[in-house]
Amino acid sequence: MDKSEPFEIFLVVTPGLEQPLAEEARALGFDAPVVSPGGVTMQGHWTDIWRANLWLRGATRVLVRIGAFRAFHLAQLDKRARKFPWADTLRADVPLRVEVTCRKSKIYHAKAAAQRIERALSEVLGATIDPKADLVVKVRIEDDLCAISLDTSGESLHKRGHKPAVGKAPMRETMAAMFLCQCGFDGHETVYDPMCGSGTFVLEAAEIATGLAAGRSRGFAFQHLASFDAEAWDRMRNTASTRTPDARFFGSDRNDGAIANSIRNSEAAGVGAITRFHRAAISDIAPPEGPPGLVIVNPPYGARIGNKKVLFGLYGAFGQVLKDRFQGWRVGVITSDGGLARATALPFLPPGPPVAHGGLKVKLYQTAPLP
Ligand SMILES: C[S@@+](CC[C@H](N)C(=O)[O-])C[C@H]1O[C@@H](n2cnc3c(N)ncnc32)[C@H](O)[C@@H]1O
């Protein structure tokens, strides 16, 4: 057990999905996650930071605060940055870049502040500053307090590392996972996405049901920090145990390419055996075998496709098919347009909060089991 002071950890999330991420963090046993705009704050040690990167499906990245000091002017920032214990966390041989934001502070020139910190890092730690470096030191100067954080994730966590084939307008894996949670999916029911595109919902659902760690196929920035312990990390990764799910996961799409992509992705993710994909237009879909579960879908929406009339027809047909053939199933629809959601004529509960997606705001519209 690590007896040192815990760090403040900030889980960045797509705005609008803070609540389900906090619930996910709580369910994974992290210490008292608290929602704040754009993320979730919690306390923990390095092993918690590794575990958060490996397991959380909703977080976009995991930041750790490694210290803070007051600085009222650039000369003071320069001096205090030189005294900062960088070597406790950073390695001289790993290139870095520095990002600074300033708010309500005497130091307001972010670029000048970044330059002071970069100079301290290169002269005191001996690190190379590279604007293309994967490792990012994030400095937030607010009310003259200079808080220093590290991005421990590297590439955004929606990149799971096992999705070779991506089509048009894919949903981010992190968002898909949070929408599944908001629909009450706990891994034990059938999930069907009848406009599956590259298969994101189906894959996330199948992985959750199998107990696969979200980040099992990728690397993380924390592996390049001084605090990294490769043996302990291997132990953490290898103790994950999977289960054989009691449900199956289905996708269909009218587009052949989408089906080929989904099959390829499901195999790469190691869930090929519990997923099924087939080509079908929405008017031809039928409930998969087994007890009713969850239909979840993000159909095309206006801003991307242009032709509104066709879209109203598509949403109307989708709603009708579900009401006719999917009794007992719950439905989750993610769309940017309340009018299109209404065009399904499905009995939606009040929609979820707006969530940023590809320059638009989308909402989750969900139903109780259909009568
Ligand atoms: C926004 S994309 C879904 C993206 C998907 N969630 C992903 O993460 O890759 C919408 C999908 O709906 C499919 N689609 C559009 N009209 C359809 C129809 N009438 N029947 C079946 N699929 C349709 C498209 O081929 C496209 O793959």
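A few notes on this one:
- Dimensionless Rg ratio for the chain, taking C-alpha atoms and the 2.2 N^0.38 Å reference: 1.10
- In sequence order, calculated HN-Hα J values of region 364-370 (Karplus, 6.51, -1.76, 1.60; Hz; x Gly/Pro): 8, 9, 10, 10, 6, x, 5
- Once the chain from A110 to A286 is taken as fully extended at 0.36 nm per residue, the excess over their C-alpha distance is 57.7 nm.
- Distance in nm between pseudo-label sites at D88 and K361 (7 Å out along the Cβ direction from Cα): 4.1 nm
- Inter-probe distance in nm under a simple model that places probes 7 Å from Cα toward Cβ, at Q320 and R342: 2.0 nm
- Taking the Cα centre of region 7-151 as reference, the dipole from Cβ charges on Lys and Arg (+1) and Asp and Glu (-1) amounts to some 520 debye.
- Solvent-accessible area, 1.4 Å probe, carbon plus sulfur percent, for the chain: 52 percent
- Long hydrophobic helices in the chain, taken as whole DSSP H segments with a C-alpha length of 24 Å or more on their own axis and mean Kyte-Doolittle hydropathy at least 0.0: 308-325.
- Gaussian network model of the chain, springs between alpha carbon atoms under 10 Å - residue of S241, S122, S262 with greatest fluctuation: S241
- Computed E for K132/A32 - FRET, C-beta separation, R0 56 angstrom, nearest 0.05: 0.95
- Greater than 25 Å apart at Cα, pairs in K79/K106; K159/K308; K163/K309; K308/K363; K138/K163: K159/K308; K163/K309; K138/K163
The values are calculated or read from the model by the stated rules, or taken from the named source; none is laboratory data. No experiment lies behind these values; they were computed from the predicted model shown. Quick reminder, even Gly has a Cβ in these numbers, built from the backbone with ideal geometry, and neighbours come from all protein chains shown. Protein only, heavy atoms only, side chains kept; ligands, DNA and RNA dropped before computing areas. Shrake-Rupley method; radii C 1.70, N 1.55, O 1.52, S 1.80 Å.
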